[in-house]
1. Given 25 °C and 0.890 mPa s, compute D for segment 74-118 with the Stokes-Einstein relation, Rh being the Kirkwood radius over Cα pairs; round to the nearest whole µm²/s.
2. With a ≥ b ≥ c the root eigenvalues of the C-alpha gyration tensor of segment 39-92, is it rounded (a/c under 1.5), prolate (a/b larger than b/c) or oblate?
3. Tell me which residues come under 5 Å, amide H to amide H, from GLN110 once H is placed; ignore anything under 5 positions away on its chain.
4. If you stretched the chain out fully between GLU93 and THR68, how much longer would it get, using 0.36 nm times the residue separation minus the C-alpha to C-alpha distance?
5. By accessible area of protein heavy atoms, probe 1.4 Å, what ranking do LEU126, LEU61 get, highest first?
6. Roughly what percent of Cα-Cα pairs across segment 36-132 reach past 17 Å?
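The values are calculated or read from the model by the stated rules, or taken from the named source; none is laboratory data. Values in this document were obtained by computation on a predicted structure and should not be read as measured data. Keep in mind that these areas ignore ligands, DNA and RNA; they rest on the heavy atoms of the full protein, side chains included. Shrake-Rupley method; radii C 1.70, N 1.55, O 1.52, S 1.80 Å.
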Amino acid sequence: MKKRFQKLGILLLVGLLTGCSSASGTLSSQEKDFTKNSKMNLREKAVVYSEEDLVKDEIPLNSYIRCTGKILRKDRKGDTLEKGDRFILEIGEAKIQVFNEQSEAFKVGQYVNVYGEYYGFLKGQLIEDADR
């Protein structure tokens, strides 16, 4: 009797794991669509503030902003920016701290557009090459 329950338990576990793995394949397409739509919405919602507003810190907290500038330096060794890195974005005379929340690679010295939510620092949810 015990062996019968063990076999049944193993079969149920295998069935459950198989079902989970097949569901993740369809979710991937949905995730891609969601990511694409989120990026488009972020570009539309983001407001560009003047360099003076950045220096005086007159940007409302939790607002979506866009900054264009040069990646001055990052907190870890190396020149390539990775997800999770913190870096300084130089915008004219202003400098703003950015937390990189995306996985595309950029280098120190590169000019970029950073879109994200402002908390006294910028949570860089979308970073793109600035055409210079």
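1. Working: Rh = 11.0 Å.
Diffusion coefficient, whole number: 223 µm²/s.
2. Verdict is oblate for segment 39-92.
3. ILE71
4. On the way: separation 25, 0.36 × 25 = 9.00 nm, distance 1.25 nm.
Residue separation times 0.36 nm, minus the Cα-Cα distance, leaves 7.8 nm.
5. Values: LEU126 10, LEU61 120 Å².
From most accessible down to least: LEU61, LEU126.
6. Numbers: 2028 of 4656 pairs.
Distances greater than 17 Å cover 44 percent of the Cα pairs.
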